[in-house]
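Take a look at the structure below.
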């Protein structure tokens, strides 16, 4: 899903940061499947993307209700909502992967 999201960003007006973000999330997924995901970078990436989502959400307008769709009428409002949700999905999933990897790690002797 994240690899597909990275590919479709080629049509976006600002594709590079989104391709990097979704590509990193896809890489985390692939490394987790292979059993080679380091937990600290995965959790760090998840926390970073959650901060970016909050920053994007708060910088979109003066009234947070505009983001909730009560007053959102323009394309920009809907794009910011989609971008914020994309960041949150990547954030939550990579933190889950990092925690799962940490839990599966053999105990230190």
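State yes or no: is residue 77 farther than 27 Å from residue 96 by Cα, surrounded by 12 or more Cβ atoms within 10 Å (Cβ to Cβ) and either at pLDDT 85 or above or more than 16 Å from the chain's Cα centre (by Cα) (or both)? Against the criterion (farther than 27 Å from residue 96 by Cα, surrounded by 12 or more Cβ atoms within 10 Å (Cβ to Cβ) and either at pLDDT 85 or above or more than 16 Å from the chain's Cα centre (by Cα) (or both)), residue 77 qualifies.
Given the structure, is residue 91 touching a helix residue (DSSP H, G or I) at 6+ places or on another chain (Cβ under 7 Å), modelled with pLDDT of 90 or more and surrounded by fewer than 18 Cβ atoms within 10 Å (Cβ to Cβ)? So residue 91 does not fit the description; no.
Just need a number here: residues in region 20-34 that are in contact (Cβ under 8 Å) with a residue 12 or more places away in the chain and either more than 11 Å from the chain's Cα centre (by Cα) or not in a helix (DSSP H, G or I) (or both). The number of residues fulfilling the criteria is 3. Of all the criteria given as (1) modelled with pLDDT under 90; (2) touching a helix residue (DSSP H, G or I) at 6+ places or on another chain (Cβ under 6 Å); (3) part of a helix (DSSP H, G or I), the one not satisfied by residue 53 is (1).
For the subset of region 35-46 comprising residues that are in a helix (DSSP H, G or I) and touching a helix residue (DSSP H, G or I) at 6+ places or on another chain (Cβ under 7 Å), which member is nearest to residue 84 (Cα to Cα)? I'd like the intermediate steps shown before the answer.
Within region 35-46, the subset in a helix (DSSP H, G or I) is 39-46.
Next, only the ones that are touching a helix residue (DSSP H, G or I) at 6+ places or on another chain (Cβ under 7 Å) stay: 39, 42-43, 45-46.
Numbers: 39: 24, 42: 19, 43: 18, 45: 15, 46: 13 Å.
Among them, the one singled out is 46.
The values are calculated or read from the model by the stated rules, or taken from the named source; none is laboratory data. For clarity, every value in this text was computed on a predicted model and none was experimentally measured. So basically every Cβ, Gly included, is an ideal-geometry build from the backbone, and we count neighbours across all protein chains shown.
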